[in-house]
Amino acid sequence: MSRRLVQGILELRGKLDEQAKHARTSNIRRRRDDDAPQGTLRSLQLAADVQAIMVLLKQAAEADRTAYRRIAEFGLPDEAATVAPAAPQVGNGYAAALGQAIARVLIQPAPSAEAAALAPPSQHFAGLVEHEISRIGDEAVMMAGPGKTTLLKLKNAYKAFLEQRYTDVHTILKNTLRNEPNNNALLFLLSQFQYFMVSLGHNEVLPDARDYAQKAMIANDKHDLATMIYFRYHGVATEAQHDGGRAMMWIRDAGLLHVNLLQNEEGLTAYHGMPLKAWAQMAAIDPKHWQEDDLLQLKTMMMDVVGGAAIYAGLLRPRILEDSLHRKEPLPHVSEMESLLAGAYATYEEISPKLAQLPVKTSQMPWLVRSRYMNTLAEGAPKPSFDQILLNISLNAQYWRAGSYPDPELSHLFGNSGMSYWRLWAVTLTPLRERRQPQAFPADEVVADAQLLPLCDSLLTVLQEEEQARIRPDLWDKLQPWFVRWSLEHLLAAGTGSNQPRLKFMPRSNVLGSLYQAWGRGGQTNVLYSPLIAQTASNGGFSTVQEILAAFEGSYRLMDDPAHGIAAMQKRALQQAKKQDPAKFGGLQMLDEGFGLQQIFAVLLPLGLIGGIGAIITMSQNMGQAIGLTLALAGFAGVAMIGLGKKE
């Protein structure tokens, strides 16, 4: 009997019981907090890389909106000239890759040499004409005469514009439109030219500019969705400089706020960022022009689009909070959006202090799947800020940015497990309780486990010493071929009485479950128990401290068992060695008599399997292999029938 091992097991069990009581109390408190109504998150500090994206987005939208800002004299812009967006300084944070992608689609390419010499309003219109000439030119390769004719007319209009022959530009565009009255591209360019003329003081053409702009937005089967979004967005952005209410109506009617435009592989950068910039235009319009359907679309975007919650929090929410100071009643759906955001933030605030304590290493080996998992995450992916997370997930936990940083790094660390870092955050922070998976980041448990793992180190040392005390040094190496080899499953079966012990401890989390199967099922066997425990501990292959405890208890029950203990195993091995090689082993001293072979199998196996013993022994080279094959035949059910009780 090992008093030290018993004392160590009892101490670990006592600490484990205390931890379980504390966990139950914490879970009750957490459920109460979940049931309590969420308040409003009054302020949210954005990380530098997220802030840079929001600044870029606002600048790009303002540049589009003010492209034809009125100038005092053509060619001499006043102090309120067009704002040119700059590339964001996104650094290397969690928003870096997305920030660079957004910058690529939002920052307009440099104008041609001819257009670069013009004043900003002229540059903008020249750029739009160049874009259409390029697009129609590509299409004209497969089109008949009308496409080529239109292309020639546009080139003539462009040349006249560069020469500041504005009357000729207007005439060419109108005459070409007369021949093709439903040509959205011509309607769009004529509208934009008239907005340009308004910037020169020709206010009389503004009604016509608006009329052509609206006609250009009407769906036409000759243009794909991307082209129609281009026409619609620029029409909205240009009108926003003159009448915010009208621009908001056009945004709504043109469907630029529909979330399906952002629910594709390109996400926020879809359609060259124009649906995203439409939200930025809405943020710049007085909320008195917003309607309930606009806010419903905003709520849907916030919940269902990857990065939608970040756009709400960093772009539209400041305007909403400012507007709320002057309202007796909040705008429709705002209270619900604020509650959802506050719920996600409360979860982040709850888990954040625990994550800040990681990695935590109080033991010589990781022992547990969740300890290795969380410590590896902490080292490979430092804790992101709340808004960085929002930029990479949808709050409904159904979508996330897969394959982006830090997924490649984690794939290397976790051995191509297919883990998506942002999915973990999505299922952790979602305010929708039915989709929440708290075990995706078991930081609480890891911090609590850290107090118990040093006891596991000590128990392993005691077990190793107890095993060595039972070994016959003069016989041990010589008798290795005749020893029974155990697996961790045998120890757990003896410790729990279960015939499928590892299933008993399988983590409920999909991520931890897959890692448990990868790290905890090495298939190794050994004559002694401690190497099995040590190997699994070094892999971080145990599910819980309860499983570790079961392995130690199984070792304790087997170690001095009269049929299967270390002393009995050596005795049987020596008996078989003498029979098979009397010349080599005949002079060695016999151990004390114990269970005979028939008794051993009777204890190990159910009655129905005893008949197969003779065949197994005949096919085996030695008794140790025979018993090993017998254990394999019997499965863990045989080990469960050992009938060993706890030693007193």
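The values are calculated or read from the model by the stated rules, or taken from the named source; none is laboratory data. Not measured: the values here are computed from a predicted model. We place every Cβ from the backbone using ideal geometry, glycine too, and count neighbours over all the protein chains shown. Each accessible area value is taken on the protein alone, full model and side chains, heavy atoms only, with ligands, DNA and RNA left out. Shrake-Rupley method; radii C 1.70, N 1.55, O 1.52, S 1.80 Å.
Structure notes:
- Annotation for the stretch 520-539: at least one member residue is within 25 Å of the chain's Cα centre (by Cα) and not hydroxyl-bearing (S, T, Y).
- Evaluation of N396 against (1) over 14 Å from the mean Cα position of the chain (by Cα); (2) touching a residue at least 40 places away in the same chain (Cβ under 8 Å) (one fails), failing number: (1)
- Residue match in the stretch 557-564 (condition: assigned to a helix (DSSP H, G or I), buried (at least 21 other Cβ atoms within 10 Å of the Cβ), touching a residue at least 24 places away in the same chain (Cβ under 8 Å) and over 30 Å from the mean Cα position of the chain (by Cα)): yes
- Residue, nearest to F193 (Cα to Cα), within the stretch 233-259, restricted to residues that are in a loop (DSSP other than H, G, I, E, B) and out of contact with any Phe, Trp or Tyr (no Cβ under 9 Å at 6 or more places or on another chain): D243
- Odd one out for N539 among (1) in contact with a helix residue (DSSP H, G or I) (Cβ under 6 Å, 6 or more places away or on another chain); (2) open to solvent by 10 Å² or more (accessible area, probe 1.4 Å); (3) under 19 Å from F483 (Cβ atoms): (3)
- Checking S385, S411 one by one, the residue that is open to solvent by 20 Å² or more (accessible area, probe 1.4 Å), within 24 Å of Q51 (Cβ to Cβ) and either of a type in the set (S, T, N, Q) or over 13 Å from the mean Cα position of the chain (by Cα) (or both) is S385 and no other.
- Meets criteria (assigned to a helix (DSSP H, G or I), within 28 Å of the chain's Cα centre (by Cα) and surrounded by 18 or more Cβ atoms within 10 Å (Cβ to Cβ)) for P275: yes
- Restricting attention to the stretch 186-218, the residues that are touching a helix residue (DSSP H, G or I) at 6+ places or on another chain (Cβ under 6 Å) and either at pLDDT below 95 or not in a helix (DSSP H, G or I) (or both) total 2.
- Residue check for W400: among the aromatic types (F, W, Y), over 30 Å from I102 (Cα atoms) and surrounded by 19 or more Cβ atoms within 10 Å (Cβ to Cβ): no
- Residue within the stretch 349-359 that is polar (S, T, N, Q) and assigned to a loop (DSSP other than H, G, I, E, B) present: yes
- Reported count of residues in the stretch 260-272, each being in a helix (DSSP H, G or I) and touching a residue at least 24 places away in the same chain (Cβ under 8 Å), is 7.
- Within the stretch 577-586, at least one residue is modelled with pLDDT of 90 or more, out of contact with any Pro (no Cβ under 7 Å at 6 or more places or on another chain), surrounded by 22 or more Cβ atoms within 10 Å (Cβ to Cβ) and not in a loop (DSSP other than H, G, I, E, B).
- Residues of the stretch 215-239 classified as open to solvent by 20 Å² or more (accessible area, probe 1.4 Å) and under 22 Å from R69 (Cβ atoms), total: 2
- Selection status of L262, touching a Leu at 6+ places or on another chain (Cβ under 7 Å) and either of a type in the set (A, V, I, L, M, F, W, C) or closer than 30 Å to Y399 by Cα (or both): yes
- Residues that are acidic (D, E) number at least 3 in the following helices (runs of 4 or more DSSP H) confined to the stretch 366-485: 443-449, 453-469.
- Within the stretch 393-420, restricting attention to residues that are touching a Gly at 6+ places or on another chain (Cβ under 9 Å) and within 24 Å of V259 (Cα to Cα), the residue that is modelled with the lowest pLDDT is S420.
- The set of residues from the stretch 57-108 being within 27 Å of F161 (Cβ to Cβ), small (G, A, S), open to solvent by 10 Å² or more (accessible area, probe 1.4 Å) and modelled with pLDDT of 85 or more comprises just one member, A63.
- Within the stretch 322-347, being open to solvent by 20 Å² or more (accessible area, probe 1.4 Å), assigned to a helix (DSSP H, G or I) and within 21 Å of A278 (Cβ to Cβ) holds for E322, D323.
- In the stretch 494-518, residue farthest from V427 (Cα to Cα) [restricted to those that are open to solvent by 40 Å² or more (accessible area, probe 1.4 Å) and part of a helix (DSSP H, G or I)]: T496
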